[in-house]
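Peer 1: Questions regarding the structure given below will be posed in turn.
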Amino acid sequence: MKTGKERLKKVADFALSNFVIIAFIILFIASCFLSPAFFTKNNLMSVLIQNSIYAICAIGMLVIIITGGIDLSTGAYVCITVCLTAGLIQGGHGIASIFIVLLMALVIGSISGSMVAFLNIAPFIATLAMTTILKGAAYMYQTGQNRRIDGTFLPNWVKGTTVGIPNPVLVMIIVYLVFLFVLNRTRFGRGIYAIGGNKETAYLAGIKVKTYLVLSYALGGLCFAIAGILLCGRLGMGTATVGDGYEMDAIASVVIGGAAMSGGSGSVTKTIVGAMLMGVLYNIMNLMGIASYPQMIVKGVVIVLAVLLYKRK
Amino acid sequence: MSNGYAVEMKDITKKFGGLTAVDKVSFQVKPGEIHALCGENGAGKSTLMNVLTGKFPANSYSGEILLNGKKAKIGSPMDAKRDKITIVHQELELIPELSIAENIFLGNQPSSATGIDWKKMYAEAEEILEKFSLDLNVKTKIKYLTVGQQQLVEIAKAIYLGGNVLILDEPTAPLTGREIDFLLEMLEKLKETGISIVYITHRLEEIFRLSDRVSVMRDGKMINTFQTSEIQVEELVAAMIGRKMENMYPHMDTKAGDVTLEICDYSVPHPLYDTNIVENASMQFHAGEIVGISGLLGAGRTELMSAVSGAYQMKGKGIVKLYGKEVKFNSPAAAIKAGIGYVTEDRKTTGLILNQTIRFNISMASLSRIIRYGLLFPGKEKAIVNHLKEELRIKTENIDNPVSSLSGGNQQKVVLAKWLATQPGILILDEPTRGVDVGARYEIYMIMKELAAHGNTIIMISSDLPEVIGISDRVYVMYEGKVRGELSKEELSEDSIMRYATGIA
């Protein structure tokens with residue numbers, strides 16, 4: 001027999017561990033009342049499209065944070081992939097450009113991961129170094145070049161839809177499903193949760209700690225590159241001035257989604273909802289005419305509130 | 001008006017949510033008394049002591065506490081400090097990166113005009129260590145000490161801080177024979193100064209050797225308080241587990257079969273110095289046999305077995321034969337594949353992933369059993385885990401509960417289940433019952449015996465002599481990195497083991 005008190009506690013526990021989803025629903029409903037422009041197809045679509053890029057970055061970041069690491073070079077990845085994609089398309093490589101860029105991201109991620117796994121460099125430092133390397137490379141590649149690619153296949157595809165779903169959103173959904181599967185139903189997924197929870201125990205249980213660390217940074221890089229390619233398509237050009245601050249937004253989404261920075265926990269679904277929560281929050285503030293500086297303050301407060309709520313659990 | 005008690009706890013009740021951890025418990029300690037507090041894991045001993053040391057706010061529990069007959073309000077660690085009640089926890093609370101002296105004086109550093117008076121601090125710390133006959137440099141960082149040494153430093157610190165009431169939670173768990181003797185002597189001396197000592201332990205021999213009175217808790221209730229001199233072991237064990245225990249160690253007929261694992265002339269280099277931590281060790285293990293590896297802490301037992309199974313940071317030199325074939329394991333993964341399981345010594349740091357569920361922990365080392373075509377099958381996983389949960393009688397409603405919600409004994413069973421899930425032919429257990437209560441201990445011994453009866457090879461590293469004697473079929477004794485002796489079941493006695501373990505024989 002369960003007493004009323006126990007049942008209440010269960011409900012409270014459930015609410016706390018799924019608070020980001022509940023908060024998102026409340027915010028969404030409140031937004032409908034706050035601005036008549038919010039609940040329109042155009043607005044909702046643009047929120048989704050805009051934030052799909054951030055959400056994909058957040059998923060990549062989540063994979064790395066689960067291992068107990070962090071990747072500060074998210075923005076730099078986005079920056080260099082925007083430049084390279086445009087450059088390669090200009091160079092006439094067509095669809096192959098996409099695959100070259102993705103492959104390059106895997107290699108960069110493997111290098112970051114190897115620094116962490118084999119050279120024992122702290123993830124913060126390894127990826128900080130990678131940030132300036134990538135940024136420098138992007139500027140070198142970009143300076144003095146005109147990299148407009150309007151009218152090529154990429155901008156056209158990014159603006160298009162498939163069965164009514166905007167293509168960037170479609171990509172986000174695919175990335176989400178793939179990682180939902182990878183994290184929950186594969187040896188690698190189990191492995192990285194174990195590594196983040198207790199590296200020593202994981203190693204002794206036969207989990208390939210170093211290989212999985214390298215792989216998680218590589219997969220993180222892959223996500224960042226996918227986001228960069230989408231951004232390139234949206235912009236219709238290559239430029240080295242984009243990407244700043246993407247890592248912070250990604251970390252914020254992961255944290256609002258309930259993952260611990262110390263590793264070993266986190267969910268793809270809640271991370272996506274975390275990213276969308278931030279997106280809707282920005283959108284409604286814009287619609288209500290709140291200026292961007294107060295918006296930054298609200299964002300900071302939301303992050304702190306989220307962490308406090310998870311702590312109560 | 002004094003009632004003759006240094007501490008009197010009356011009708012203490014403490015609940016966590018719906019669970020009553022301590023139920024109307026009354027407990028008294030006399031001045032200058034060593035009062036043992038025992039009971040199975042989860043009986044409420046630690047919670048009761050946490051109430052006394054101010055871990056919980058005063059309004060979160062009911063009942064009253066009297067100190068020297070006067071009512072005291074204890075609701076924060078500061079209150080306990082004011083009333084001079086000190087506790088040494090099971091989990092060490094020293095800071096690894098600070099020196100011994102800095103740890104002892106943490107928050108109490110002697111100061112001079114320019115800040116901390118280092119000279120005075122080191123001198124006083126040396127004095128304290130000397131009192132404990134601890135031959136250590138006070139400037140040594142804590143992380144370089146053995147767990148046993150750390151424990152003694154922690155106790156020295158508690159005694160230095162002074163107090164009327166000193167509570168020790170399982171203080172001898174990480175200590176070796178010599179260190180235990182030493183600590184018990186210290187406590188006896190300390191008692192003569194009029195300090196009251198509450199001594200929480202699972203080790204029955206210590207209760208009889210040390211305590212004046214003993215209180216037994218079970219399921220959150222106080223069962224009884226005895227004069228130690230007037231009670232028999234059987235009576236005490238019966239009070240602890242609530243039924244009569246026929247035998248501490250299960251008996252089962254097993255027969256040694258063929259040689260399964262053989263170690264020849266095996267040496268392991270020291271990770272820091274240019275010496276060997278294990279030297280020319282040779283051992284043989286048979287199917288259907290429980291072999292004990294005994295010796296003092298630091299004798300090289302753990303290093304030997306973990307190097308053999310690919311888990312040690314240094315690579316060993318020598319020959320290892322598995323089922324007659326020479327093998328070399330470069331990682332635990334390789335050893336697991338070959339059917340060797342290693343239940344490590346410290347479940348918190350190397351055995352469990354504490355923020356994960358019971359299910360996650362149990363299936364962690366045997367994922368290949370539940371993965372087909374790269375895909376994990378949760379149904380199969382649940383079946384395997386639930387089966388092990390039943391077999392090992394892990395006390396939980398749901399395998400998806402966090403492993404941290406279990407008591408120590410049940411956590412240890414989860415670690416064991418993790419390795420049983422890999423279906424190992426050879427199972428190495430390093431201190432398998434440390435910090436585990438009598439009831440769960442018996443169950444763990446039963447599992448070991450059953451595994452041996454099914455033809456598995458069981459290797460047990462243990463510092464607990466009665467345990468080594470009680471369940472081993474054969475024992476190797478190590479001393480300073482070398483195998484000093486091999487004892488058959490008939491030759492086993494505390495005396496014969498200690499002679500080899502201390503290098504006399």
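Computed from the coordinates by the stated procedures, all read-outs in this text should not be read as laboratory data. Treat the numbers as computed from the prediction; the structure is a model and nothing was measured. Glycine also receives a Cβ, built like all others from the backbone with ideal geometry; neighbour counts cover every protein chain displayed.
Peer 1: Go ahead and estimate [θ] at 222 nm for chain B from helices alone: -39,500 (n - 2.57) per DSSP H run with n ≥ 4, summed, over the residue count, rounded to 500.
Peer 2: Value at 222 nm, helices only, nearest 500: -9000 deg cm²/dmol.
Peer 1: Now, a different point. First measure r as the distance between the Cβ atoms of B:Gln109 and A:Val11, then evaluate 1/(1 + (r/R0)^6) with R0 = 45 Å and state the FRET efficiency to the nearest 0.05.
Peer 2: 0.40
Peer 1: Are there trypsin sites (Lys or Arg not before Pro) in segment B:199-298 that DSSP marks as loop and that have at most 15 other Cβ atoms within 10 Å, and which are they?
Peer 2: B:Arg243, B:Lys244, B:Lys255
Peer 1: Work out from phi, with θ = phi - 60° and the Karplus expression 6.51 cos²θ - 1.76 cosθ + 1.60, the ³J(HN,Hα) of each residue of segment A:256-263, listed in order in whole Hz, and give x for Gly and Pro.
Peer 2: Whole-Hz 3J(HN,Hα) from phi for segment A:256-263: 4, x, x, 6, 8, 5, 7, x.
Peer 1: Helix B:118-131 versus the longest principal axis of chain B: what is the Cα-based angle in degrees, 0 to 90, to the nearest 10?
Peer 2: That works out to roughly 70 degrees.
Peer 1: Within 10 Å of each Cβ in peptide B:109-122, how many partner chain Cβ atoms are there on average? Round it to a whole number, please.
Peer 2: If you average over the peptide's residues, the count of other-chain Cβ atoms is 0.
Peer 1: Can you sort B:Trp118, A:Trp157, B:Trp419 from fewest to most other Cβ atoms within 10 Å of each residue's own Cβ?
Peer 2: B:Trp118, A:Trp157, B:Trp419
Peer 1: Past the 21 Å Cα-Cα mark, which pairs from B:Lys315/B:Lys337; B:Lys10/B:Lys55; B:Lys131/B:Lys191; B:Lys15/B:Lys73?
Peer 2: none
Peer 1: What do the square roots of 5 times the Cα gyration tensor eigenvalues come to for segment B:348-447, in whole Å, largest first, as semi-axes of the equivalent ellipsoid?
Peer 2: 22, 15, 12
Peer 1: Collect residues whose amide H, placed 1.01 Å from N in the peptide plane, falls under 5 Å from the amide H of B:Ser282; neighbours closer than 5 in sequence don't count.
Peer 2: B:Asp265, B:Tyr266, B:Val483
Peer 1: Based only on Cα atoms, what mean projected area does the convex hull of the protein assembly as shown have, in nm²?
Peer 2: Working: hull surface 169.7 nm².
One quarter of the hull surface, i.e. the mean projection, equals 42.4 nm².
Peer 1: Turning to a different aspect of this structure: Taking the Cα centre of the protein assembly as shown as the origin and placing charges on Cβ (Lys, Arg +1; Asp, Glu -1), which of B:Thr172, A:Ala122, B:Ile428 is farthest toward the positive end of the dipole?
Peer 2: My answer, from the dipole projection, is A:Ala122.
Peer 1: Please order B:Asp169, B:Asp23, B:Asp437 by the number of other Cβ within 10 Å, starting at the fewest.
Peer 2: Working: B:Asp169 19, B:Asp23 16, B:Asp437 22.
The order, fewest Cβ neighbours first, is B:Asp23, B:Asp169, B:Asp437.
Peer 1: On to the next question. Taking the Cα centre of the protein assembly as shown as the origin and placing charges on Cβ (Lys, Arg +1; Asp, Glu -1), which of B:Gly379, A:Ser292, A:Ala250 is farthest toward the positive end of the dipole?
Peer 2: Value computed over the given set: A:Ser292.
Peer 1: Right, something else. Averaged across A:185-196, how many Cβ atoms of other chains sit within 10 Å of each residue's Cβ atom? Let's see the in-between values first.
Peer 2: Values: counts 6, 5, 7, 1, 1, 9, 2, 0, 5, 7, 1, 3.
For this peptide, the per-residue mean of nearby foreign Cβ atoms is 4.
Peer 1: Let me ask you something else. Comparing A:Tyr176, A:Tyr293, A:Tyr212, which has the greatest mean-square fluctuation in the GNM of chain A with Cα pairs linked when under 10 Å apart?
Peer 2: A:Tyr293
Peer 1: Can you work out ³J(HN,Hα) from phi for every residue in segment A:204-212, in order, using Karplus 6.51 cos²θ - 1.76 cosθ + 1.60 and θ = phi - 60°, giving whole Hz and x for Gly and Pro?
Peer 2: Whole-Hz 3J(HN,Hα) from phi for segment A:204-212: 5, 8, x, 7, 7, 4, 5, 4, 5.
Peer 1: Restricting to lysines 8 or more places apart or on different chains, can you count the pairs in segment A:53-311 with Cα atoms under 24 Å from each other?
Peer 2: Total qualifying Lys-Lys pairs in segment A:53-311 comes to 6.
Peer 1: Sort A:Met261, A:Met130 so the one with the fewest other Cβ atoms within 10 Å of its own Cβ comes first.
Peer 2: Fewest to most other Cβ atoms nearby, the residues stand as A:Met261, A:Met130.
Peer 1: In µm²/s, what is D for segment A:53-311 at 20 °C and 1.002 mPa s, where D = kT/(6 pi eta Rh) by Stokes-Einstein and Rh is the Kirkwood radius from Cα pairs?
Peer 2: It diffuses with D of about 115 µm²/s by this estimate.
Peer 1: Follow-up. Run the quick spin-label model on B:Ala334 and A:Asp244: label points 7 Å from Cα toward the beta carbon, then report their separation in nm to one decimal.
Peer 2: Rounded to a tenth, the inter-label distance reads 5.1 nm.
Peer 1: Can you list the residues, at least 5 places off or on another chain, whose amide H is less than 5 Å from the amide H of B:Lys30, using H built in the peptide plane?
Peer 2: B:Ala6
Peer 1: Over the Cα atoms of segment A:202-313, each weighted equally, I'd like the Debye log10 I(q)/I(0) at q = 0.16 Å⁻¹, rounded to two decimals.
Peer 2: Result of the Debye calculation: -0.95.
Peer 1: To the nearest 20 debye, what charge dipole does the protein assembly as shown have about its Cα centre, counting +1 at the Cβ of each Lys and Arg and -1 at the Cβ of each Asp and Glu? Walk me through the numbers before you get to the answer.
Peer 2: Working: 80 positive and 72 negative charges, 703 e Å.
Magnitude of the dipole: close to 3380 debye.
Peer 1: Same structure, new question: Which residues among segment B:453-482 fall inside the zone where the amide N is under 13 Å from a point 7 Å beyond the Cα of B:Glu490, along Cα→Cβ?
Peer 2: Correct set: none at all.
Peer 1: With a 10 Å cut-off between alpha carbons and a GNM built on chain A, which of A:Leu231, A:Leu88, A:Leu62 moves the most?
Peer 2: A:Leu88
Peer 1: Here's a follow-up. Looking at chain A as a GNM with Cα springs under 10 Å, which of A:Asp249, A:Asp150, A:Asp71 has the largest mean-square fluctuation?
Peer 2: A:Asp150
Peer 1: A follow-up question, please. Can you give me the long-range amide H partners of B:Ile459? Hydrogens built in the peptide plane at 1.01 Å from N, cutoff under 5 Å, separation of 5 or more residues or another chain.
Peer 2: Amide H neighbours of B:Ile459: B:Val291, B:Leu427, B:Ile428, B:Leu429.
Peer 1: Rounded to the nearest 500, what is the 222 nm mean residue ellipticity of chain A from helices alone, with -39500 (n - 2.57) per DSSP H run of 4+ residues and division by all residues?
Peer 2: Values: 14 runs with 237 residues, N = 313.
About -25500 deg cm²/dmol.
Peer 1: Using the basic label-point model (7 angstrom from Cα toward the beta carbon), what is the B:Glu185 to B:Val259 distance in nanometres?
Peer 2: 4.3 nm
Peer 1: I need the phi-derived Karplus couplings for segment B:274-284: 6.51 cos²θ - 1.76 cosθ + 1.60, θ = phi - 60°, integer Hz, Gly and Pro marked x.
Peer 2: Going residue by residue, I get 8, 10, 9, 8, 10, 10, 6, 7, 10, 8, 9 Hz, with x marking Gly and Pro.
Peer 1: Along the charge dipole of the protein assembly as shown, Cβ charges K/R +1 and D/E -1, which of A:Ser265, B:Gly4, B:Gly318 sits furthest on the positive end?
Peer 2: Of the listed residues, the answer is A:Ser265.
Peer 1: Let me ask you something else. Per-residue mean of other chain beta-carbon atoms within 10 angstrom of the beta-carbon, peptide A:205-215?
Peer 2: 4
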